[in-house]
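Data first, discussion second: the structure below is written as structure tokens.
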Amino acid sequence: MAIEPTWLTRTPAWTALAAHCHATGTAHLRDLFARDPGRGERLVAEGAGLYLDYSKQRVTDETMRLLVRLAEERGVAARRDAMLSGEKINVTEGRAVLHVALRAPRSARILVDGKDVVPEVHAVLDRMSDFAARVRSGAWTGFTGKRIRNVVNVGIGGSDLGPVMAYEALRHYAARDLVFRFVSNVDGTDLAEATRDLDPAETLFVVSSKTFTTLETMTNAASARAWVLAALGDERAVARHFVAVSTNEGEVRKFGIDPANMFGFWDWVGGRYSMDSAIGLSTMIAIGPEGFRELLGGFRAMDEHFRTAPLDRNLPVLVGLLGVWNTDFLGAVTVAVLPYDQYLKRFPAYLQQLTMESNGKRVSVAGAPIADYSTGAIYWGEPGTNGQHSFYQLLHQGTHLVPCDFIGFCRTLNPLGRHHDLLVANLLAQGEALAFGKTADEVRAEGTPERLVPHRTFPGNRPSSTILADRLEPATLGALVALYEHAVFTQGVIWDVDSFDQWGVELGKVLATRIVAELESAAEPALAHDSSTNALLRRYRARRGQ
Ligand code: F6P
């Protein structure tokens, strides 16, 4: 029996949006602002310490009204409540989706299969706090009795991107007498460069893997173990230099890590939603247990906002809906994330996994092909102002429409002369230039030779949102991450995709396992790939020793 398609594009709200887009979609932001000077103060929303200005998106009050109607029709609020109450909304894996439980207060009760998970969450947080405090104070020593000076997180995907992003983002608050490194790539260069100047006797490895079977992490962890043992010469050293963060106690034991040094989490935490679980152990060691609790407080504040704010003033809902509008009605295929804060330099990379692994889907929850609308956009970005001197040319004058999310702060953590005003001036200037551009007449009026007028004209009408917060603090980061987590959720509900599985990563893993056997076989293997893969494989085998 054929699976019923989603019919999203036939819903009343979608058809109304399509008609509205047809009638008004080409309206220029210049005209929208000229006709409605109040929009810059009206098309904004605030919550959990974040101020969102979406007035430079190509929307009107009517667009927003219809988008909110779409969210209502698609049942965003009901799905949100189902998620928050522990329903198994990750249907392809039969799992609840409860990253919100990771930041729930001790007094909360959230049931999964009839069991309250909040006490376990806090038990792990308490153990993490105790361990982090001991590493930070020097009470936890290495095998030879030396103090731990270096913490190396070994993980990949959600077990790396969250920790590395959070460490960079919150570096201002980090213990400066500890060195933090992050190893993810199976390329041996990553581990070699991360450890080359470290003393094994002073180094603690945090092996972070939900499954504890991931090829990259297990390979790196095994090499790290060999590096420690080569220097310290005693198997018992492993217990002092390796701790694990995982859901898989059996595999952790097999690796030789004492389960007493394992910090657990649960199958209802997706890898890309795990930076506030025990996967955040390196973050907690860096910023301390109190700082980590502040981070959780920021997440919680945004969760609460998402749960209670009306849809038309709900930041994650608005960000999610604007993404749907840009992707499905204005035809944008990408979103640029542009933090004007050096500490957020890894934030775009973090968001790539969060957004693209979640909503990069081509079938509905029921399994029907999605044929007549687009799902998750391509996320990428770099911190401002660096991006301005590389790819912003395309944002301003290219043929592609690239909606932008600007992120900035009113106060800097490193006051230094005029730097911060210059930084923020650039943030504001870019949003303005993208929206309003510069007309040919304006260019001519400057005395530009006619032949250069087309080159120096800026079309404008390029949409952006600006997220402004007071200061980058642990709580601000938590709120920012939760904002995008729930925006991704909102979009997943509208597009009717399972935002919490990632089957698309499996095929490559299986093929790599087959190929590695062929690369490592002593005899010339019978190759059964396509002619291109066979030829590349043969060439590699023939030349790798040179
Ligand atoms: O391959 C994708 C993925 O499963 C991600 O979803 C996950 O964050 C990453 O691998 C790492 O997985 P693990 O934490 O189990 O090592």
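Just a few scattered comments:
- Other residues with beta-carbon under 9 Å from the beta-carbon of VAL337 carry, at +1 per Lys or Arg and -1 per Asp or Glu, a net charge of -2.
- Between the alpha-carbon centres of the stretch 199-252 and the stretch 265-322 there is a gap of 28 Å.
- Rg in Å to one decimal, and Dmax rounded to a whole Å, for the stretch 440-546 via C-alpha atoms: 27.1, 74
- The angle between the Cα long axis of helix 12-24 and the longest principal axis of the Cα atoms of the chain comes to about 60 degrees, rounded to the nearest 10.
- Partners of LYS345 within straight-line reach, counting lysines whose Cα lies under 28 Å from its Cα and excluding those fewer than 8 residues away in the same chain: LYS56, LYS210, LYS361.
- Dividing the radius of gyration of the alpha carbons in the chain by their Kirkwood radius gives 0.99 for Rg/Rh.
- Under the convention that each Lys and Arg Cβ holds +1 and each Asp and Glu Cβ holds -1, the size of the dipole of the chain around its Cα centre is about 660 debye.
- Nearest 10 degrees, 0 to 90: helix 474-495 Cα axis against the chain principal axis: 70 degrees
- Relative to the longest principal axis of the Cα atoms of the chain, helix 506-520 runs at roughly 40 degrees.
- Counted without the sites themselves, the longest stretch of the chain free of GluC sites (Glu not before Pro) in a DSSP loop having at most 12 other beta carbon atoms within 10 Å is 1-234.
Coordinate-derived values only; no laboratory data. Quick caveat, the model's predicted, so the values are computed rather than measured. For neighbour counting, all protein chains shown are included, and Cβ atoms are generated from backbone atoms with ideal geometry for every residue, glycine included.
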